[in-house]
Amino acid sequence: MIIDYENEFSDAQAVTNTAVSTNYIDFGDAKDHSKGNPLMLEVVVETACTSGGSAVVTVALESDTTTTITPDKSQALATAIPVATLVAGYVVYRGAITEGLLRYAQIKYTVATADLTAGTFSARIVEAFQSNVSG
């Protein structure tokens, strides 16, 4: 898979409680950027998540017309994933971005029930997904 660092929201970003991605992407204008050829998004666990309790993580793609990203639009990517599931290599989301993507976009990681004590995530827009690997 080819990774364009300009299209990366998180690169092994440590997440212990609710946070937004380290980076946001500026698509340059106000049109709906999810129309036409679909934009593909991948969110993966890089380092296994741990918690002193029974933490769950929800991941969403948020977009807005301004850099403050309040957000105007939100697409749920994964809801209430238990910490035991969030092992290294776990694919949180791999698929197309639905219509309605605005100029600025970020990923929001919502941690509930208990904080995480460890865990990192990567999230990026890719042209295509790696399909020639096993495991």
Under-5 Å amide H pairs with Ala78, H placed in peptide plane, nonlocal only
Val59
In the range 64-105, whose amide N lies under 14 Å from the spot 7 Å out along Cα-to-Cβ of Ala30? List them in ranges.
64-67, 102-104
Would you mind calculating the gained length between Thr16 and Thr110 on full extension (0.36 nm times residue separation, minus the Cα-Cα distance), in nm to one decimal?
32.9 nm
Any idea of Thr65's accessible area? Nearest 10 Å², probe 1.4 Å.
80 Å²
So, counting K/R as plus one and D/E as minus one, what does the shell of residues with Cβ under 9 Å around Thr70 add up to?
-3
Using only alpha carbon pairs under 8 Å that are at least six residues apart, calculate the relative contact order of the chain and give it in whole percent.
44 percent
In the full protein assembly as shown, how much of Val91 is accessible to a 1.4 Å probe, in Å² to the nearest 10?
50 Å²
For Ala118, enumerate residues with amide H under 5 Å from its amide H, sequence gap 5+ or separate chain, H modeled in the peptide plane.
Thr50
Can you order the peptides 38-49, 73-84 by their average number of other Cβ atoms within 10 Å per residue, highest first?
38-49, 73-84
Please work out the average accessible area per residue across the range 11-96, using the 1.4 Å probe convention, and give it in Å².
50 Å²
Residues meeting the amide H criterion for Thr98 (H placed from the backbone, H to H distance under 5 Å, 5 or more places apart or on another chain) are none
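The values are calculated or read from the model by the stated rules, or taken from the named source; none is laboratory data. Treat the numbers as computed from the prediction; the structure is a model and nothing was measured. All Cβ positions, glycine included, derive from the backbone under ideal geometry; neighbour counts span all protein chains shown. All accessible areas refer to the heavy atoms of the entire protein, side chains included, with ligands and DNA or RNA removed. Shrake-Rupley method; radii C 1.70, N 1.55, O 1.52, S 1.80 Å.
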